Structure formats: structure tokens, C-alpha cells
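In what follows, a structure is listed as C-alpha cells, so that the remarks can point back to it.
The values are calculated or read from the model by the stated rules, or taken from the named source; none is laboratory data. This is a predicted model, so every value here is computed, not measured. Please note: Cβ atoms are built from the backbone with ideal geometry, for glycine as well, and neighbour counts cover all protein chains shown. Just the protein is used for accessible areas: all its heavy atoms, side chains included, with ligands, DNA and RNA removed. Shrake-Rupley method; radii C 1.70, N 1.55, O 1.52, S 1.80 Å.
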Amino acid sequence: MIVDDEPVAIRVMEQYLAKMNHYKVVNTSTDALQSMKYLEQDPVDLLLLDIEMPGLNGIQMFKTLKNPPALILITAHREYAVEGFELNAVDYLMKPVAFPRFVEALNRFEEIRVNDGSVDSEDSQPIFIFVTVDRRKKKINLDDILYVESLKDYIRIITRDQKIITKETTKEFEQRLPSISFLRIHRSFIVNINKIETVRHDEISLPQQNLPVGRSYKNEVMNRLGINQ
């Protein structure tokens, strides 16, 4: 559920979530009181909540809920960060919210759901993957991956401190990665969206590396990252 007194902000969140096919927006509202009544009757898994709203603000509304959902606070005001922490919010996002930062918040939500047992791990996004290296299965935490490079029938997986080569095609490996966090930017490269630092029209910067954006991938890349061309 998305609650924000700015319809434009709601549309941005809806557009972001539309790129993630395992999320469904069940309700949106610009009014805290109406939202409170809805949540009393129809519980949700996750609430994206603005703080500054007329009448009853988001924090006040959330405190009235008997069975509150997981919470991501979205606001233009930093001064509410402490109260957000006290509410055990999954994350605290500052407007305007960039798509990679939004994805990072949802990844935190997914991890919490798995760790507290509120969802079957089979229905959640994986947090690690195994690849074959020297006839052994090596575990790699997905959050550690910066990017993946194609080497014909092999791939090179780059983390901050490792370069791992395994016999697997880029297409096969891409199918094993959660689309919420990984993006194909070139026929030879897949990047971790959470690790992107800057974007140019033909290049993406990651820690320690700049990678090209393929001409045929450009529109999809910019769309996924919420960047107007």
C-alpha cells in the first residue's frame, strides 16, 4: 500500500513497483485517516508511507495500527529519522527517491521477511547463489556481486575482493539472478543495480569499474533506473 498526499509521488512509486513483477499495489491513498480505516480491515505486507500529510501525519497514523505492516518511510524531511528508527521501519527514503535506492529498501524488506520466518524462503528472492569452481560449489552472496562479465561459454563474476570464473553462459546465469537487483546493460555485462554510482547515456559507473551501456539495451536500462532521457 502507498500512502502519500502527493499524487505524483504515488505515481512514481507505482512505476517503480511495476518493474518488479512479484509486487502488487493493493491500495493507494492521499489521506492518512482513510488509510488507517483501510488497514484495519485489509492488512498488507508492506506500507510505503509519507510522513508530512495534512491533519494526521504518517507517523501518528502508523502508531494507531493494531497490527502494523512492514514500513518504509518516504519523506522530504530528515528530522523524522529517529522516529522512523523507533517504529522499526525497514528503511527511511529521502525524496526524490532514485530507483536504485528504492530497490535497496525492498531488498532489505525481503531479507527481513526471510529471516523472521514471515514468508517461505521458496517464495522470496534469493540472497546467495552457488557456482561451480574447480569442481566445487562456491557460495556467493548476491549483495557482494558488482557485475558479471561474459566470456563466451564462461562468465566472470566480480565482487569487491574476488574475480570468480565459472563455466556458464551469461543468459543461463541471468535467469538465476533476481531481476529486482540485477540488470543486463550490454550483451557482455550484467550489473547489480544497488552498486551503481553514476550513470551517463552510454556508461555506468560501479565501484572500481566503468561499464558500457549497449545501444540496444539503453532504453530498458534508463527505464529500469527511472532516468528520463
Subject >> Calculated P(r) of the chain - Cα pairs past 32 Å, % >> reply: 27
Subject >> Net dipole in debye of the stretch 123-229 [+1 Lys, Arg Cβ; -1 Asp, Glu Cβ; about Cα centre; nearest 20] >> reply: 320
**OP:** Kindly identify the stretch 1-115 as rounded, prolate or oblate by the Cα gyration tensor criterion: order the square roots of the eigenvalues as a ≥ b ≥ c, call it rounded if a/c is under 1.5, otherwise compare a/b with b/c, prolate if a/b is larger, else oblate.
**Re:** rounded
Original post:
Tally Lys and Arg at +1 and Asp and Glu at -1 over the other residues with C-beta under 13 Å from the C-beta of Leu65: what net charge comes out?
Top reply: +1
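Starting from the Cα-Cα distance between Glu79 and Ile165, subtract it from 0.36 nm times their residue separation and give me the gain in nm to one decimal. Don't jump to the answer; show the numbers that get you there.
Working: separation 86, 0.36 × 86 = 30.96 nm, distance 4.60 nm.
Gain on stretching Glu79 to Ile165: 26.4 nm.
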Original post:
Lys195: which aspartates and glutamates have alpha carbons under 19 Å from its alpha carbon, excluding same-chain residues fewer than 8 sequence positions away?
Top reply: Asp91, Glu104, Glu110, Glu111, Asp143, Asp144, Glu149, Asp161, Glu174, Glu203, Glu220
Original post:
So what does the Cα-only Debye profile of the stretch 184-229 read at q = 0.31 Å⁻¹, as log10 I(q)/I(0), no solvent term?
Top reply: -1.40
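So which trypsin sites (Lys or Arg not before Pro) in the stretch 25-116 end up in coil per DSSP with only 14 or fewer other C-beta atoms within 10 Å?
In loop regions of the stretch 25-116 (DSSP not H, G, I, E or B), the sparsely surrounded trypsin sites (Lys or Arg not before Pro) are Lys66.
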Original post:
For the chain, what is the accessible area per residue in Å², given a 1.4 Å probe and the full set of protein chains?
Top reply: 57
Subject >> Cross-link pairs beyond the 20 Å C-alpha cut-off, checked among Lys139/Lys218; Lys137/Lys163; Lys163/Lys218 >> reply: Lys139/Lys218; Lys163/Lys218
Original post:
Taking Cα centroids, how far is the stretch 1-79 from the stretch 151-228 in Å?
Top reply: 32
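So how much slack lies between Arg108 and Asn88, counting 0.36 nm per residue of separation and subtracting their Cα-Cα distance, in nm?
Working: separation 20, 0.36 × 20 = 7.20 nm, distance 1.24 nm.
So the chain would gain 6.0 nm between Arg108 and Asn88.
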Original post:
What lysines sit close enough to Lys63 to cross-link, taking a C-alpha to C-alpha distance under 29 Å and skipping anything fewer than 8 places away on the same chain?
Top reply: Lys24, Lys37, Lys95
Original post:
If each of Gln175 and Arg187 carries a label point 7 Å out from its Cα toward its Cβ, how far apart are those two points in nm?
Top reply: 2.0
Original post:
Tell me, in nm to one decimal, what length is gained between Thr132 and Asp144 on full extension, where the rule is 0.36 nm per residue of separation less the Cα-Cα distance?
Top reply: 2.6 nm
Original post:
For the stretch 150-200, what class follows from the C-alpha gyration tensor (a ≥ b ≥ c being the square roots of its eigenvalues): rounded when a/c is under 1.5, otherwise prolate if a/b is larger than b/c, else oblate?
Top reply: prolate
